[in-house]
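Engineer: Here it is, the structure in full.
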Amino acid sequence: MLQTLDSNLLDSKYLEESLGSFHNATGLHIEAINNAGVTFSVPGNFERSEFCRYIRSQPEGERKCQDSYKRASLEAAKWEEPYFFRCHAGLVIWAVPIMIRGVSMGSIICGQVLMWEPDHFFFQELKNLNVGIENFERLKSMACKLEVISPSRSQAAADMLFVVVNHMVKRNINSLEEIDATRLQQQQIRREIEERKRQNLPDLSDYDDYLKKERKFLRYIRLGDRTRANQTLQSLLTDLHTKTVGDLETVKARILELATLTSRAAVEGGGNAERIMKLLKDFDKEMEGFERVEKCFYKVQRIVETFLESIFTLADKKHIAIVKNARDFIMENYALPLTVTDVAQHLFVSSSHLSRLFREELDCTINDYLTRVRVEQAVEIMKRPEFSVAQVSKAVGFQNQSYFSKVFRKYIGVTPLTYKNSLY
């Protein structure tokens, strides 16, 4: 893992760009190393100083430099902050740890400078540190060319680099979480496909079943039913996976369509229209750059989750719980002759307080929501030919068929009988 750190755990292009910008801004040498002290990235292929190149060219020079880096990286990881040290050859260097999920992945090495002008005492120490150098006078002349920077500038550069590295790590953690989520999603799709095969379910031959499932999904969105919405979305994505056979352009078209329909359903469910439309616009733009089907699937799941959250954009967590519990209670008992008082008593709150929360946070009354649930359930039951309109009306909690027809037409646009006849 250490040898492939740059390609497997960090975005190498972004790493090069970030470290390269730091080098250009400070003029300081910089390189990325793994925990063994081995360099895996030098941005822009900037050369080490002449002094360092000469030291590394000596017998055992490369190994000694790696050992110095290795020790520095371990110390930086231990303290989780920049670690200043002098390398075995006498130069001032600092290591900034790369910590991902609490685990050290190496360090960014910077410096290879002096903090004071070379003098007699420095050259004496330099000679003692580099016993065995073939041509010390040459090394001495190289040392005189090294940059001398103040302790305050060194600390400022280390602090700046620490911020840069933390930004890279945060960005990388987000990428890792996305990879994990995408992998989990792929596993879920495979499991569902295997389960369908085990049950000898027919393959999706056309989009009829898909569109029926899509309508059910949108109904769950409008009702704010997060659990069923997510379950149905996963099934929809499995259908798309099998139907499109991985054709990226077709998947993109269906995903964009699904996101648009979901956004409208979320607004109908009580979400903030302005915020949802902005989210949809950003999503549409982001989709243009996707080059993998898995990425499309992952992102649509995230946008759906965001839409669902927008339905519950309440500031007070207690209010969130009350409204959510009220909606759950209505979903489970819509067939009963429910009243606002029934719902409020179940939650041990006053009817006026519960009604105010619904109006303020969901922009509808409790009765409005109850009616919406009943109509949505009626649409589902009507798909079963053995139920008459009268039976459907009673099954979803309407005691008066005439009133049911009036409400149904208001929400769906046609009478229950017309809608039912259109299904067969």
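The values are calculated or read from the model by the stated rules, or taken from the named source; none is laboratory data. Please read these numbers as outputs of a predicted model, since none were measured by experiment. Neighbour counts run over all protein chains shown; Cβ positions are idealised from the backbone, glycine included. These area figures cover heavy atoms from the full protein model, side chains too; ligands, DNA and RNA do not enter into them. Shrake-Rupley method; radii C 1.70, N 1.55, O 1.52, S 1.80 Å.
Engineer: Among the residues of segment 12-33, which ones are assigned to a helix (DSSP H, G or I) and open to solvent by 30 Å² or more (accessible area, probe 1.4 Å)?
Structural biologist: Scanning segment 12-33 gives 12, 13, 14, 16, 17, 21, 23, 24, 25.
Engineer: For segment 78-107, enumerate the residues that are aliphatic (A, V, I, L, M) and closer than 20 Å to residue 22 by Cβ.
Structural biologist: If the condition is that a residue be aliphatic (A, V, I, L, M) and closer than 20 Å to residue 22 by Cβ, then 91, 92, 93, 95, 96, 98, 99, 100, 105 are the ones that fit.
Engineer: Being under 26 Å from residue 273 (Cα atoms), small (Gly, Ala, Ser) and buried (at least 20 other Cβ atoms within 10 Å of the Cβ) is the requirement here; does residue 326 meet it?
Structural biologist: So residue 326 fits the description; yes.
Engineer: Sticking with this structure for a sec: Of the residues 254, 264, only one is in contact with a helix residue (DSSP H, G or I) (Cβ under 7 Å, 6 or more places away or on another chain) and of a type in the set (D, E, K, R); which?
Structural biologist: Result of the check over 254, 264: 254.
Engineer: May I ask you to verify whether residue 208 is of a type in the set (D, E, K, R), in contact with a helix residue (DSSP H, G or I) (Cβ under 8 Å, 6 or more places away or on another chain) and either farther than 30 Å from residue 321 by Cβ or at pLDDT 70 or above (or both)?
Structural biologist: In short, no.
Engineer: Out of 394, 295, report the one residue that is touching a residue at least 60 places away in the same chain (Cβ under 8 Å), in contact with a helix residue (DSSP H, G or I) (Cβ under 9 Å, 6 or more places away or on another chain) and of a type in the set (Lys, Arg).
Structural biologist: Going through 394, 295 in turn, the sole match is 295.
Engineer: For residue 331, work out the one condition from (1) more than 19 Å from residue 368 (Cα to Cα); (2) crowded, with 17+ Cβ neighbours inside 10 Å it doesn't fulfil.
Structural biologist: Of (1) more than 19 Å from residue 368 (Cα to Cα); (2) crowded, with 17+ Cβ neighbours inside 10 Å, only one is false for residue 331: (1).
Engineer: Being open to solvent by 60 Å² or more (accessible area, probe 1.4 Å) and outside any loop (DSSP other than H, G, I, E, B) is the filter here, so list the residues in segment 343-382 that pass it.
Structural biologist: Selection gives 345, 346, 352, 356, 359, 360, 367, 368.
Engineer: Do we find that residue 178 is modelled with pLDDT of 90 or more, farther than 19 Å from residue 242 by Cβ and open to solvent by 30 Å² or more (accessible area, probe 1.4 Å) in this structure?
Structural biologist: Spelling it out, it is not the case that residue 178 is modelled with pLDDT of 90 or more, farther than 19 Å from residue 242 by Cβ and open to solvent by 30 Å² or more (accessible area, probe 1.4 Å).
Engineer: Right, here's the next one. Across segment 271-313, what is the total count of residues that are in a loop (DSSP other than H, G, I, E, B) and open to solvent by less than 20 Å² (accessible area, probe 1.4 Å)?
Structural biologist: Matching residues across segment 271-313 total 2.
Engineer: Only one residue in 323, 245 is more than 23 Å from the chain's Cα centre (by Cα), under 30 Å from residue 352 (Cβ atoms) and aliphatic (A, V, I, L, M). Which one?
Structural biologist: Going through 323, 245 in turn, just one is more than 23 Å from the chain's Cα centre (by Cα), under 30 Å from residue 352 (Cβ atoms) and aliphatic (A, V, I, L, M): 323.
Engineer: Kindly provide the set of residues from segment 96-119 that are among the β-branched types (Val, Ile, Thr) and in contact (Cβ under 8 Å) with a residue 60 or more places away in the chain, ordered by number.
Structural biologist: Correct list: 96, 98, 100, 108, 109, 113.
Engineer: Which condition number does residue 64 fail, the rest of (1) touching a residue at least 40 places away in the same chain (Cβ under 8 Å); (2) touching a His at 6+ places or on another chain (Cβ under 7 Å) being met?
Structural biologist: (1)
Engineer: Quick one: in segment 406-424, of everything that is within 20 Å of residue 338 (Cβ to Cβ) and not basic (Lys, Arg), which residue is modelled with the lowest pLDDT?
Structural biologist: 411
Engineer: Considering only residues that are among the basic types (Lys, Arg), open to solvent by 20 Å² or more (accessible area, probe 1.4 Å) and in contact (Cβ under 8 Å) with a residue 40 or more places away in the chain, which ones fall in segment 217-248?
Structural biologist: Within segment 217-248, 222, 226 meet the criteria.
Engineer: Could you identify the single residue in 304, 267 that is free of Cβ contacts under 8 Å to residues at least 24 places away in the same chain and closer than 25 Å to residue 368 by Cβ?
Structural biologist: Just one listed residue meets the conditions, 267.
Engineer: Scan the strands (runs of 3 or more DSSP E) fully inside segment 34-147 and keep the ones with 2 or more residues being at pLDDT 90 or above and either open to solvent by less than 10 Å² (accessible area, probe 1.4 Å) or over 17 Å from residue 162 (Cα atoms) (or both).
Structural biologist: 92-100, 103-113
Engineer: Moving on. Would you mind telling me which numbered condition in (1) touching a residue at least 24 places away in the same chain (Cβ under 8 Å); (2) open to solvent by less than 50 Å² (accessible area, probe 1.4 Å); (3) closer than 19 Å to residue 215 by Cβ residue 389 fails?
Structural biologist: Answer for residue 389: the failing condition is (3).
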